[in-house]
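K.L.:
Submitted below is the structure of interest, expressed as structure tokens.
The values are calculated or read from the model by the stated rules, or taken from the named source; none is laboratory data. Here the structure is a predicted model, which means the values were calculated and not measured. Cβ sites come from the backbone with ideal geometry, for glycine too, and all protein chains shown count toward neighbours. Just so you know, the surface numbers come from the protein's heavy atoms only, side chains and all, with ligands and any DNA or RNA stripped out. Shrake-Rupley method; radii C 1.70, N 1.55, O 1.52, S 1.80 Å.
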Amino acid sequence: MAMCTAAPPEVVVSTGEYAPWTSEKRADQGFVNRVVAEAFRREGMSVRFQYYPWRRTLEVLRAGRADASSFWFDDAERVREFLYSDPVSEHRELLFHRKNLSVPKWSALEDLAAFRFGATRGYTYTRAFWQLAGDGILTVEESADDESNFRKLLAGRIDLFPMDEVSGWQMLASPLFPEGTREQVTAESRPLSLQYGHVLMRRTPDGRRLLKAFNDGLARMKTDGTYERFREDIYRGAKVER
């Protein structure tokens, strides 16, 4: 008589498109989601990713239609509402611009007040960035996605666009843009921010149990070298400029 094996508990994770970190178009779902799936697998759980525009991903989690959300940077308001996992990823956010644009050396964002910034709706960036935009010190024009912002940058409709360096260089070298587009763009060596990505859960007893399981699985991945191997896979194909 055949034994019936119960399926592992399923974790529904709301997420969005931010290649190569999270991506519905990649077989591995991107570095972060690959780590998320493996960390939960090690704790006896399977993962189902649901992709949305970034702004909706937290709404889905908040409404209880997902168990977790992948992935988010540190934010003082969100940390009061949600549980944050241990860091899953590290990101240098750079200011991209056209090579023919002269950008002076800067130590604070206020030094760049003469330039037009692009931003993607739903993204964190930094508190200072949004505060300066709200105060009218920085001119910030929001778009629905990163591709639209890069197109505006190339067309001269915005001057500076903050984006994760790996994602930015990979997108510019992708089939989304004509060959040679990458050579038209550079990025400031001074980062706008150094951010860490986290998986979020609701502040409930189930959320706390899920958080512990994920952190335990992630710690095991970092101990046995799996995490670093996944990370090397991403950087090998990203063609990051230094």
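K.L.:
Assess whether Arg48 counts as being part of a loop (DSSP other than H, G, I, E, B), at pLDDT 95 or above, farther than 21 Å from Ala219 by Cβ and open to solvent by 50 Å² or more (accessible area, probe 1.4 Å). Even if it seems obvious, please write down each step before you answer.
P.N.:
On the way: part of a loop (DSSP other than H, G, I, E, B): no; at pLDDT 95 or above: yes; farther than 21 Å from Ala219 by Cβ: yes; open to solvent by 50 Å² or more (accessible area, probe 1.4 Å): yes.
Here the answer is no, as Arg48 does not meet what is asked.
K.L.:
Something else now. Given Gln170, Gln131, which one is touching a helix residue (DSSP H, G or I) at 6+ places or on another chain (Cβ under 6 Å) and not hydrophobic (A, V, I, L, M, F, W, C)? Write out each step before concluding.
P.N.:
Details: Gln131 fails: touching a helix residue (DSSP H, G or I) at 6+ places or on another chain (Cβ under 6 Å).
So the residue among Gln170, Gln131 that is touching a helix residue (DSSP H, G or I) at 6+ places or on another chain (Cβ under 6 Å) and not hydrophobic (A, V, I, L, M, F, W, C) is Gln170.
K.L.:
Suppose we filter Leu192, Leu211 for residues that are closer than 21 Å to Asp75 by Cα, open to solvent by 20 Å² or more (accessible area, probe 1.4 Å) and modelled with pLDDT under 95; which single one remains? I'd like the intermediate steps shown before the answer.
P.N.:
Details: Leu211 fails: modelled with pLDDT under 95.
On inspection, the qualifying residue turns out to be Leu192.
K.L.:
Please name all residue pairs, on different chains or six or more residues apart, with Cβ atoms under 9 Å, provided the first residue is in the range 208-233 and is more than 20 Å from Met45 (Cα to Cα) and of a type outside the set (A, V, I, L, M, F, W, C) and the second residue is open to solvent by 90 Å² or more (accessible area, probe 1.4 Å) and part of a helix (DSSP H, G or I).
P.N.:
From residues that are more than 20 Å from Met45 (Cα to Cα) and of a type outside the set (A, V, I, L, M, F, W, C), the pairs are Glu228/Lys222.
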